[in-house]
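The values are calculated or read from the model by the stated rules, or taken from the named source; none is laboratory data. Bear in mind the structure is a predicted one, so any value in this text is a computation, not a measurement. Every residue, glycine among them, receives a Cβ derived from its backbone with ideal geometry; neighbour counts consider all protein chains shown. Protein only, heavy atoms only, side chains kept; ligands, DNA and RNA dropped before computing areas. Shrake-Rupley method; radii C 1.70, N 1.55, O 1.52, S 1.80 Å.
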Amino acid sequence: MYNLEPAPVVLSKDMKRIGIVNEVGNKDAYTDIASLEALVKATDQRLTKEGTRAALEGLMAELQKDRRFDTVMILNNTSSLWSTEESKTESIPWKALKELCMQNQLDAVFSLAFYQTDTRISEKRSSMEELDMLRTRVKIPAKELTLETLIENGWRIYDPFEEKVLDEIEVNEQVITQAKGEYALNALRAMTDRADTLMSRSRGSGSTYGMRLKPSNKAVEREIYTKGSPLLVQAKGSVLEADWLEAARLWQMNLSHGKSAIRARACHNMAVLYEIKGDLEKAIEWAIQANSHEEGKRHSNCLEGLKKSAIQKSEAEKQWEAIALLNK
């Protein structure tokens, strides 16, 4: 199920003008491409440059949708701010960032702190079909090439005037690409969609980071009881068929069961049902009943989880109200 959670990042309502910078410096081009590994490295260097741009564009597109901000701009050639001697100690160039904000009339800076790709290459013998001189399909020996690319990127939000890092997160994602060719090099050339996939993931990374400023629905797992009484077993079939009305009817028939453990299980399942329906208040009432029939870690964890979700939902709704007022 999905529960509404507050935004992980809350900015001051006075932050209206946002700059986006790239801390990632450009590496020198890889010149030795005599081997397959070197060719992949050279390709990845080019894709890293394009990927950083795609990530920044994804973030800008997401922030531009947010009407809380009057201005969102990408500032070019900013990686040099971190190329001073101070950067060796991983310090933040606050003075330079403050000057950058004053020059461009900005209130805060979003930064792509790092972006890198690491690709593992593996190949194995295989076979593939091709047309012979008579236009007949025949099998020939081939190489199957697999590239497992790990994309690592990190994001930060700076308040240069207060000299504070308002948020920092690292995101890792893996892209696996496979292709066949008569030779490994042919297989690499056949990976025509690899670049598009990496750019799409990078752009999505920037967009996802921008969404950290808004409440969102997060997936939550809950367990229900399907054993202990014939009615609980029967209700399992109704759940699998998504017939929650029938499942609820069967669970409620167990509320008068002679065993307190079975009554607790029925109440627990009803709590989960109301959470699915979005009625957390009713879900908490059922969870309290489950805990009263049988005290146990599973019932208490469910109750605490529901209380936490209710608090988060309330906070998220307040955030949405505040965002709505700022967007007017």
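Can you spot a residue in the range 309-319 that is in contact with a strand residue (DSSP E or B) (Cβ under 9 Å, 6 or more places away or on another chain), of a type in the set (S, T, N, Q), closer than 30 Å to Pro8 by Cα and surrounded by 16 or more Cβ atoms within 10 Å (Cβ to Cβ)? For the range 309-319, residues in contact with a strand residue (DSSP E or B) (Cβ under 9 Å, 6 or more places away or on another chain), of a type in the set (S, T, N, Q), closer than 30 Å to Pro8 by Cα and surrounded by 16 or more Cβ atoms within 10 Å (Cβ to Cβ): present. Among the residues of the range 265-307, those that are touching a residue at least 24 places away in the same chain (Cβ under 8 Å) and under 18 Å from Gln234 (Cβ atoms) comprise Arg265, Ala266, Cys267, His268, Asn269, Val272, Leu273.
So how many residues does the range 263-304 have that are under 18 Å from Ser314 (Cβ atoms), among the small types (Gly, Ala, Ser) and crowded, with 24+ Cβ neighbours inside 10 Å?
The number of residues fulfilling the criteria is 2.
Only one of (1) open to solvent by 70 Å² or more (accessible area, probe 1.4 Å); (2) polar (S, T, N, Q); (3) touching a His at 6+ places or on another chain (Cβ under 8 Å) fails for Ser260. Which number is that? Evaluating Ser260 over (1) open to solvent by 70 Å² or more (accessible area, probe 1.4 Å); (2) polar (S, T, N, Q); (3) touching a His at 6+ places or on another chain (Cβ under 8 Å) leaves (1) as the failure. A residue that is outside any strand (DSSP E or B) and in contact (Cβ under 8 Å) with a residue 24 or more places away in the chain occurs nowhere in the range 136-156. Annotation note: Cβ proximity below 6 Å between a residue of the range 167-195 that is in a strand (DSSP E or B) and at pLDDT 90 or above and a residue that is open to solvent by 90 Å² or more (accessible area, probe 1.4 Å) and of a type in the set (Ser, Thr, Tyr) (sequence gap 6+ or interchain) occurs for no pair. Only one of the listed residues (Thr136, Thr117, Thr146) is crowded, with 16+ Cβ neighbours inside 10 Å and within 26 Å of Tyr183 (Cβ to Cβ). That residue is Thr117.
Pull up the range 101-114, narrow it to residues that are open to solvent by less than 30 Å² (accessible area, probe 1.4 Å) and assigned to a strand (DSSP E or B), then point me to the one that is farthest from Glu62 (Cα to Cα). It comes out as Ala113.
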